[in-house]
Amino acid sequence: MMPTGQQRGKLKIFMGYAAGVGKTYKMLEEAQDLRASGVDIVVGYFEPHGRKETIAKTEGLEIVPRKRVQYRDSVFREMDTDAILARHPHVCAVDEFPHTNVPGAERGKRWEDVEVLLAAGIDVLTTMNIQHLESLNDQVWQISGIRVRETIPDWVVQQADEVVMVDLTPRALLNRLQRGVVYERQKAELALQNFFREQTLVALRELALRQAAHEVEQRMVDQQTSAEPSDGGPAILRKHHKILVLVTADPKSAMVIRRAKRVSDFLGAECFAVAVQPTGDLSGLAAADREAIERHLNFARNLHIETRILEGDDVASTLVDFGRRNQVTQIFLTRPSRKAWSPVFSRDAAQRVLGLAKDMLIVIVSDREPVAQSSAH
């Protein structure tokens, strides 16, 4: 817990669209400037990747030694959050914000470690790429054919005090890669065949720039809203939209939750994720379906979406009735396959929602296959 009177630290994120655009370099450059102006700053975690220019930027900076974590037959070195808390600098630089900690570490994700530092009143500088933003996961997969496994909930990024977009043209980035500046030669050749195709980088850069524009617009709206009187104006208009997501055991539910969350963030809308069951709980389901729905509801909660399990025998009417009672303006559904994965929500049920909710916008989300498929961490 934060000590009484302790102010929360400020978070500054250096964001890019791919490895090698210069995020870590920029973060360390700022760390050096802060050190030169007398600010007490340490490096909590730094991943050099063999990049000489970036490594040179750590010269003179205090680096907190990493913590050894034993997992199976190997020893891993993670950021030592406890040591940073004990040292309690004014600012801490933390590379690779989306990193997943090795099993056995106190927290599962590095962004959770950063939350602990911020709660203790320590300002944090950190780095990440746009493809690690949870709501963009499906779009990145469609662009690149790579499913990014390490993601950060959007609310974590939205609460940052400052997001700096570190930009570099795709052609310049490819040039850096070919010169061995980003990765050593063998890894660079592999990257050029996969994630670092020019077409992919152009699309990711465009995604990153759109996200940056949205961040600026959203912060301006938030500032205007906080400055407005509570009895009218755009603040009330922004709260008009409400979005409802139907959660089922269908694996595509996670994609629909992401899409709905992204739209709700753009609109400044409230978002609900609900499952519908005759018993009002998940006890009557087969174990596999129960686990899938619980996983999807937990996923929604992690994105700061309010979740419910509604009691009802008729999915369509229960869903629409909840929507009407809560002034919902949009309902997000998965597209049922021709051979419905479950009798609970079929094409007929989707059609019934469309028929019942003529006063709401119904969004039926289907997935598009990317050109190639693989996975990334």
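The values are calculated or read from the model by the stated rules, or taken from the named source; none is laboratory data. The structure displayed is predicted, hence computed values, not measured ones. Every residue, glycine among them, receives a Cβ derived from its backbone with ideal geometry; neighbour counts consider all protein chains shown.
A few points about this structure:
- For ALA316, the requirement of being in contact with a Leu (Cβ under 8 Å, 6 or more places away or on another chain), surrounded by 19 or more Cβ atoms within 10 Å (Cβ to Cβ) and farther than 27 Å from ASN137 by Cβ is met.
- Region 176-192, residues that are in a helix (DSSP H, G or I), charged (D, E, K, R) and touching a residue at least 40 places away in the same chain (Cβ under 8 Å): ARG176
- Residue ranges of strands (runs of 3 or more DSSP E) in region 1-86 with at least 3 members farther than 30 Å from LEU177 by Cβ: 67-71
- Residue within region 117-129 that is modelled with pLDDT under 95 and within 26 Å of ILE41 (Cβ to Cβ) present: yes
- The residues of region 142-151 that are in a helix (DSSP H, G or I), crowded, with 18+ Cβ neighbours inside 10 Å and of a type outside the set (Ser, Thr, Tyr) amount to a single one, ILE143.
- Among the residues of region 40-78, those that are within 25 Å of the chain's Cα centre (by Cα) and either loosely packed, with under 13 Cβ neighbours inside 10 Å or among the small types (Gly, Ala, Ser) (or both) comprise GLY44, GLU47, PRO48, ARG77.
- VAL148 passes every criterion in (1) among the β-branched types (Val, Ile, Thr); (2) under 15 Å from MET255 (Cα atoms); (3) free of Cβ contacts under 8 Å to residues at least 60 places away in the same chain apart from (3).
- Listed conditions (1) more than 30 Å from ARG301 (Cα to Cα); (2) part of a helix (DSSP H, G or I); (3) touching a residue at least 24 places away in the same chain (Cβ under 8 Å); (4) within 24 Å of the chain's Cα centre (by Cα) are all met by PHE195, apart from (2).
- Residues in region 254-306 that are surrounded by fewer than 21 Cβ atoms within 10 Å (Cβ to Cβ) and part of a loop (DSSP other than H, G, I, E, B): GLY268, ALA269, PRO278, THR279, GLY280, ASP281, LEU282, SER283, GLY284, LEU285, ALA286, HIS304.
- Qualifying residue in region 308-320 (condition: part of a helix (DSSP H, G or I), closer than 14 Å to LEU244 by Cβ, at pLDDT 90 or above and within 26 Å of the chain's Cα centre (by Cα)): no
- Residue in region 152-197 that is modelled with the lowest pLDDT, counting only those that are exposed (fewer than 14 other Cβ atoms within 10 Å of the Cβ) and of a type in the set (A, V, I, L, M, F, W, C): LEU190
- Beta carbons closer than 6 Å, at least 6 apart along the sequence or on distinct chains, never pair a first residue in region 253-267 that is in the same structural domain as GLN131 (by TED's automatic domain parsing) and without any contact (Cβ under 8 Å) to a residue 60 or more places away in the chain with a second that is outside any helix (DSSP H, G or I) and surrounded by fewer than 24 Cβ atoms within 10 Å (Cβ to Cβ).
- Cβ-Cβ contacts under 6 Å between residues 6 or more apart (or on different chains), taken from a first residue in region 314-329 that is within 16 Å of ALA350 (Cβ to Cβ) to a second residue that is part of a loop (DSSP other than H, G, I, E, B) and not aliphatic (A, V, I, L, M), are listed as VAL315/PHE345; THR318/GLY312.
- Pick from region 120-141, criterion assigned to a strand (DSSP E or B) and over 12 Å from the mean Cα position of the chain (by Cα), ranking: surrounded by the fewest Cβ atoms within 10 Å (Cβ to Cβ): ASP123
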